[in-house]
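Novice: I'd like to ask you about the structure that follows.
The values are calculated or read from the model by the stated rules, or taken from the named source; none is laboratory data. Note that the structure is predicted; figures quoted are calculated from it, not measured. Here Cβ is always computed from backbone atoms with ideal geometry, including for glycine, and neighbour counts include all displayed protein chains. For the accessible areas, the whole protein counts, side chains as well, though only heavy atoms, and no ligand, DNA or RNA atoms are used. Shrake-Rupley method; radii C 1.70, N 1.55, O 1.52, S 1.80 Å.
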Amino acid sequence: MRVLVTGARGKVGRSTVGALLAAGHEVVGTDLGVPRYELPDEDGAAYVQADLRDPGDVYAVVRGCQAIVHCAAIPTHARNTPHHVFANNLLSTYHLAEAAEALGVRRIVNLSSAAVAGHATAVRPSLPEYLPADEAETVRPQEPYALAKHVGEQIMDMTARRSDVACVSLRPSWVQRACDYEANLGPLVRDPQPRLSRWSYVDMGDLVAAIVLAVDCDLPGHEVFHIAAEDNTTGRPLHELVERFYGDRVAVRPTGRPDASAVSCEKARRLLGFHAKRSWRDHLGEDGRALTAVS
């Protein structure tokens with residue numbers, strides 16, 4: 001299948017291109033970066049420079065593709081103006097959905113975010129009703145990145161409702177590469193901080209495996225899935241973390257392991273066949289230090 005990957009030169013997009021190629025798909029990557037005119041692309045995928053805010057660019061890169069994996073986004077409003085983050089992320093998603101419907105794309109895999117819940121970067125305190133959180137949770141975004149991702153899911157709803165384009169929205173938790181673990185999770189293993197957004201994560205290898213499953217699945221309509229590791233970022237029992245930081249304000253539902261993630265992937269296991277295989281323990285000791293040097 002010919003698959004368009006947006007944001008192909010970004011953190012998730014680059015790994016997605018490689019995983020789809022390894023799965024036997026024909027891949028076209030697109031991003032804002034300048035193409036390599038004299039040399040072939042390093043990963044072996046075709047590449048077309050395009051600005052997804054421009055509908056003409058979007059129609060041009062979507063044409064001839066059977067599926068789209070939409071990874072492109074400005075990942076935070078911390079280093080970009082809020083209105084630019086919202087407009088960029090929302091318009092790119094809308095234009096892709098419009099082009100997919102018009103040009104006969106079979107499936108869109110939309111990279112949403114666990115941030116849509118609203119707890120991670122809440123301006124005013126916001127707590128979940130229960131943990132581990134699942135897709136039935138009421139989302140309450142309070143900042144432009146999360147809001148745009150939430151509206152992006154609604155665009156997928158609209159697209160599936162009015163056309164034959166099937167859509168999957170994935171909500172990955174905090175994405176980690178091998179080089180990220182010690183800096184990002186090491187401090188939490190040593191001394192967990194009271195932020196719900198930092199009690200779930202996903203290894204890049206597991207995330208791209210979920211993306212390939214979503215591309216290859218035959219689910220109709222639009223489905224939303226959390227994608228996270230099985231364990232939490234601290235190694236401590238989830239109920240102890242909740243009791244320590246939130247008392248009885250957050251209910252803890254039964255889990256399959258004491259150190260369970262703050263996010264449940266049961267729906268992804270059931271409908272996509274997704275099983276997270278990786279843990280921070282593959283990279284860090286119980287002291288939060290790297291097991292081996294990472295280049």
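Novice: Grab the helices (runs of 4 or more DSSP H) fully contained in the range 3-111, keeping just those with 2 or more residues being touching a residue at least 60 places away in the same chain (Cβ under 8 Å) and open to solvent by less than 10 Å² (accessible area, probe 1.4 Å).
Specialist: In the range 3-111, the matching helices (runs of 4 or more DSSP H) lie at 11-22, 82-103.
Novice: Search the range 243-286 for residues being open to solvent by less than 40 Å² (accessible area, probe 1.4 Å) and aromatic (Phe, Trp, Tyr), and hand back the single one that is farthest from the chain's Cα centre (by Cα).
Specialist: Within the range 243-286, the match that is farthest from the chain's Cα centre (by Cα) is Tyr246.
Novice: Do we have any residue at all in the range 186-201 that's within 12 Å of the chain's Cα centre (by Cα) and modelled with pLDDT of 95 or more?
Specialist: yes
Novice: Go through (1) under 25 Å from Pro258 (Cα atoms); (2) over 16 Å from the mean Cα position of the chain (by Cα) and name the single condition Ala115 misses.
Specialist: (2)
Novice: Would you call Ala268 within 21 Å of Arg190 (Cα to Cα) and at pLDDT 95 or above?
Specialist: Answer is no for this residue.
Novice: Out of the residues in the range 62-97 that are closer than 21 Å to Val215 by Cβ and small (Gly, Ala, Ser), state the one that is farthest from the chain's Cα centre (by Cα).
Specialist: Gly64
Residues checked against (1) within 28 Å of Val151 (Cα to Cα); (2) of a type in the set (Asp, Glu):
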| position | (1), (2) |
| --- | --- |
| His25 | no, no |
| Asp31 | yes, yes |
| Leu52 | yes, no |
| Tyr59 | yes, no |
| Cys65 | yes, no |
| Ala72 | yes, no |
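Novice: Hey, another quick one. Being modelled with pLDDT of 95 or more, part of a loop (DSSP other than H, G, I, E, B) and buried (at least 16 other Cβ atoms within 10 Å of the Cβ) is the filter here, so list the residues in the range 123-136 that pass it.
Specialist: If the condition is that a residue be modelled with pLDDT of 95 or more, part of a loop (DSSP other than H, G, I, E, B) and buried (at least 16 other Cβ atoms within 10 Å of the Cβ), then Pro132, Asp134, Glu135 are the ones that fit.
Novice: Quick one: Met156 ticks every box in (1) at pLDDT below 95; (2) closer than 29 Å to Ala50 by Cβ; (3) of a type outside the set (Ser, Thr, Tyr) except a single one, so which number is it?
Specialist: Status for Met156: all satisfied but (1).
Novice: Shifting gears a bit: Only residues in the range 244-273 that are more than 30 Å from Cys167 (Cα to Cα) and touching a residue at least 24 places away in the same chain (Cβ under 8 Å) count as the first member; pair them with residues that are open to solvent by less than 20 Å² (accessible area, probe 1.4 Å) and among the acidic types (Asp, Glu), Cβ under 8 angstrom, at least 6 apart or cross-chain, and list the lot.
Specialist: Close Cβ pairs satisfying both conditions: Arg257/Asp231; Asp259/Asp231.
Novice: Which members of the range 178-237 meet the condition of being under 16 Å from Ala260 (Cα atoms) and of a type in the set (Phe, Trp, Tyr)?
Specialist: Passing the criteria: Trp199, Tyr201.
Novice: While we're here: When you check Glu182 against the structure, is it within 21 Å of Ala99 (Cα to Cα), of a type in the set (Asp, Glu) and touching a strand residue (DSSP E or B) at 6+ places or on another chain (Cβ under 7 Å), yes or no?
Specialist: So Glu182 does not fit the description; no.
Novice: Within the range 77-85, identify whether any single residue is under 21 Å from Val165 (Cα atoms) and of a type outside the set (Phe, Trp, Tyr), and answer yes or no.
Specialist: Looking for residues that are under 21 Å from Val165 (Cα atoms) and of a type outside the set (Phe, Trp, Tyr), one finds none in the range 77-85, hence no.
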